[in-house]
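K.L.:
Let me give you the structure first, and then I'll get to my questions.
The values are calculated or read from the model by the stated rules, or taken from the named source; none is laboratory data. Here the structure is a predicted model, which means the values were calculated and not measured. We place every Cβ from the backbone using ideal geometry, glycine too, and count neighbours over all the protein chains shown.
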Amino acid sequence: MSTLRRIFSYTTRYRWRALLAFLLATAGTLLVLVMPAMTQRFIDDIIPHRRWEAIWPTALLAVGAIALRQLIFTARMLSNNAFEQAVVHDLRRELYDKIQRLPMKWFDNQPTGDIMTRIGSDVPAMEKVIVDSIDQALSGLLQFGIVLAYLLSQHVGLTLVTLAPMPMVALATWLYTRRNETRYRAASEASSALNSMLHDNIAGIRQIKAYTVEPQELRRFDRSSAEVRRAQLTVAKANAMTWPGVSLIAEAGIVAMMSAAAYWILQGEMKVGTLMAFLVSWGFLFDPLSRINPLTQTFLGGVVAGKRVFAILDLGDEPNLIDGIRPSALRGQVAFQNVGFSYAEKAPTVRGINVEALPGQTIAFVGPTGAGKSTLLNLLTRFYECDEGRILIDGTPLVELSKEWLRDHIGYVTQESFLFNASIRENLLLAKPEASDEELWAVLAAANADGFVRRLEAGLDTVAGERGTKLSGGERQRLSIARALLKNPPILLLDEATSAVDNETEKLIQQALDRLRSHRTSFVIAHRLSTVRDAHLICVMEGGRIVESGQHEALIKQGGLYARLASAGFREEGKPESHGEI
Ligand code: ATP
């Protein structure tokens, strides 16, 4: 009930639309009485009293009323659609806005396909509850009430006989609703799981093809799809078993009505026209009941969807997204003080981290894979919060700063160089929406990317493809460097790409990175010899700890892990690495 109440709270924003929907439904409903009234008039009045002159006016009046009812029906459809779309738009927007404000930890555990199902399917299912209940349920109730009042005014006894099956219909509907919520939830969860898998597989289609695992993946998809089929059939089976029974009870009412009416007519207590009016009205009386089936399904589906959507809307936002200190200037001094963090509750991912960077310095993190290097960068952007210790920027603890301010002052060039499926211009403007084309070309030149962009047929308007796949790895890297240059942040986080590119491109990327790093505090996950050579401090990480730190020559002399990693091979500029990575 509370979920339903909450779904309905969205209508309060559209009181006028809801009122219009209600009024149109009422007007259309009132006009259903025309048919029984006309039938009765013909049979009990016009025919027995041979009133020729009344035939045409009565017929015209009836046709006029029917036409008006259809006109109202059209207006009702138009107004309901507008109402429907307004509510869906609001819900979708609210949900997306919430999703953007959720912490990274939530995304780690939430399959993308599931998130997409909530926006794509659950939101429309919730909206149907609102619109259908106002239009169908209210108008149905109203129709039932009006026709019932009309029938009572004609013959109380026959009305009671007609209504006799009602309690059984109500009981069956109540039982169905109570039992079916879990079935609907199972169907909805199975669809979500199928969507998640589909999303994952389409994103990973290159891997699937490269490893020729199409048959295995088809089998996995088949299992997931069969689960959806099973869950949907369970719902369909429950429907197939319940509703024909309900219809049977309802229709048995007609037989009872005819029999009772025959008795009263033979006794001379009732006119044939009254029976005819009952027969014509019966459809209108039981029509709302026939709507109970689809409506109950809509309600159940909507409540299940509503619970899934509200579960997200009720999650807490990332803390300090907007609020928090916003210093007027940033020098770029960064200190990690005894920092510890764990993604899960188990063993810490990083611990006891103490590093200090003075403004303009480059700190290089090196170490074997999984050592925790990227994690430190994630803590600096506050994608995740430290469990122990603290990070200070210009002496202010990170947790006191507004995340919006912090992220505005940090440039993060990730290894995979993600680009959105938009034009190169739009991808660059993420960093500075008001930048002119001249500024864009200037940063492209500084990132050694202007040459290839000029050669592209559509230039800055070239669309990068999903995740930037229409551009080469080296091109993507240089565009992300250009984007970071445009942002011009005082603090730079850089995860150097490990993928090998040709000598010429390597040189271009290297120059671009040098320009990017100059005059800013940089934290670099380093794979290039030049980066570690230039670094003011190299932190060698292993198992979540800094095990060695110092400058290149000193660390080599020390003959420890760094020296071993270095002898295994740094990537020289212009020389794709050949012996693994650091
Ligand atoms: P690489 O050089 O391979 O990128 P890294 O040194 O940057 O490695 P991290 O990415 O910081 O290593 O990962 C450190 C540890 O944390 C790894 O064991 C990894 O499996 C784990 N880890 C990383 N990201 C997550 C996450 N989002 N959720 C749970 N565990 C994670």
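K.L.:
Do you know which of the residues in segment 360-409 that are touching a Leu at 6+ places or on another chain (Cβ under 6 Å) and outside any loop (DSSP other than H, G, I, E, B) is nearest to the ligand (Cβ to nearest atom)?
P.N.:
Leu377
K.L.:
Applying the selection to segment 186-208, what residues are surrounded by 11 or more Cβ atoms within 10 Å (Cβ to Cβ) and not hydrophobic (A, V, I, L, M, F, W, C)?
P.N.:
Within segment 186-208, Ser188, Glu189, Ser191, Ser192, Asn195, Ser196, His199, Asp200, Asn201, Gly204, Gln207 qualify.
K.L.:
Hey, among the residues in segment 461-474 that are at pLDDT below 85 and not in a loop (DSSP other than H, G, I, E, B), which one's farthest from the chain's Cα centre (by Cα)?
P.N.:
Gly474
K.L.:
If you don't mind, another one. Kindly evaluate Glu416 against the criterion of being within 12 Å of the ligand (Cβ to nearest atom) and not β-branched (Val, Ile, Thr).
P.N.:
For Glu416, the condition - within 12 Å of the ligand (Cβ to nearest atom) and not β-branched (Val, Ile, Thr) - is met.
K.L.:
Related question: Are any of the residues in segment 250-260 at pLDDT 90 or above and among the small types (Gly, Ala, Ser)?
P.N.:
Among the residues of segment 250-260, at least one is at pLDDT 90 or above and among the small types (Gly, Ala, Ser), which makes the answer yes.
K.L.:
Can you tell me which of Leu380, Leu330, Leu358 is modelled with pLDDT of 90 or more, surrounded by 15 or more Cβ atoms within 10 Å (Cβ to Cβ) and within 30 Å of Val540 (Cβ to Cβ)?
P.N.:
So the residue among Leu380, Leu330, Leu358 that is modelled with pLDDT of 90 or more, surrounded by 15 or more Cβ atoms within 10 Å (Cβ to Cβ) and within 30 Å of Val540 (Cβ to Cβ) is Leu380.
K.L.:
Output yes when any residue across segment 70-82 is at pLDDT 85 or above and of a type in the set (Val, Ile, Thr), and no when none is.
P.N.:
Among the residues of segment 70-82, at least one is at pLDDT 85 or above and of a type in the set (Val, Ile, Thr), which makes the answer yes.
K.L.:
Another one. What residue, of Thr362, Thr349, is more than 17 Å from Gly544 (Cα to Cα), in the same structural domain as Leu494 (by TED's automatic domain parsing) and β-branched (Val, Ile, Thr)?
P.N.:
Selected residue: Thr362, the only one of Thr362, Thr349 that is more than 17 Å from Gly544 (Cα to Cα), in the same structural domain as Leu494 (by TED's automatic domain parsing) and β-branched (Val, Ile, Thr).
K.L.:
Shifting gears a bit: Just give me the residues in segment 265-319 being among the β-branched types (Val, Ile, Thr) and touching a residue at least 60 places away in the same chain (Cβ under 8 Å), in sequence order.
P.N.:
Within segment 265-319, Val272, Thr274, Val280, Ile292, Thr296, Thr298, Val303, Val304, Val309, Ile312 meet the criteria.
K.L.:
Somewhere in segment 125-140, is a residue surrounded by 21 or more Cβ atoms within 10 Å (Cβ to Cβ), under 17 Å from Asp314 (Cα atoms) and either at pLDDT 85 or above or over 17 Å from the mean Cα position of the chain (by Cα) (or both)?
P.N.:
Yes, there is a match, as at least one residue in segment 125-140 is surrounded by 21 or more Cβ atoms within 10 Å (Cβ to Cβ), under 17 Å from Asp314 (Cα atoms) and either at pLDDT 85 or above or over 17 Å from the mean Cα position of the chain (by Cα) (or both).
K.L.:
Counting only residues that are in a helix (DSSP H, G or I) and either away from the ligand (no atom under 16 Å from the Cβ) or of a type in the set (D, E, K, R) (or both), how many does segment 91-114 have?
P.N.:
14
K.L.:
Look at segment 427-460 and say how many of its residues are surrounded by fewer than 13 Cβ atoms within 10 Å (Cβ to Cβ) and in contact (Cβ under 8 Å) with a residue 24 or more places away in the chain.
P.N.:
Number satisfying all stated conditions: 1.
K.L.:
Related question: Go through segment 316-343 and report how many residues are assigned to a loop (DSSP other than H, G, I, E, B) and aromatic (Phe, Trp, Tyr).
P.N.:
Residues that pass the stated criteria total 1.
K.L.:
Could you tell me whether Ala86 is closer than 30 Å to Met35 by Cβ, more than 16 Å from the ligand (Cβ to nearest atom) and hydrophobic (A, V, I, L, M, F, W, C)?
P.N.:
No, not satisfied.
K.L.:
Shifting gears a bit: Right, Gln297: surrounded by fewer than 18 Cβ atoms within 10 Å (Cβ to Cβ), polar (S, T, N, Q) and assigned by TED's automatic domain parsing to the domain that holds Ala187 or not? Show your work before the answer.
P.N.:
Working: surrounded by fewer than 18 Cβ atoms within 10 Å (Cβ to Cβ): no; polar (S, T, N, Q): yes; assigned by TED's automatic domain parsing to the domain that holds Ala187: yes.
No.
K.L.:
Starting from residues that are assigned to a strand (DSSP E or B) and in contact with a Ser or Thr (Cβ under 8 Å, 6 or more places away or on another chain), keep the ones in segment 344-359 and report whichever is nearest to the ligand (Cβ to nearest atom). Quick ask: steps written out before the conclusion?
P.N.:
Pass one, segment 344-359, residues assigned to a strand (DSSP E or B): 350-357.
Subset that is in contact with a Ser or Thr (Cβ under 8 Å, 6 or more places away or on another chain): 350, 355, 357.
Details: Val350: 7, Val355: 15, Ala357: 18 Å.
Across segment 344-359, the extreme among qualifying residues is Val350.
K.L.:
Continuing with this model, one more query. Which of (1) of a type outside the set (A, V, I, L, M); (2) within 13 Å of the ligand (Cβ to nearest atom); (3) modelled with pLDDT of 90 or more is the odd one out, the single condition Gln337 does not satisfy?
P.N.:
That leaves (2) as the condition not met.
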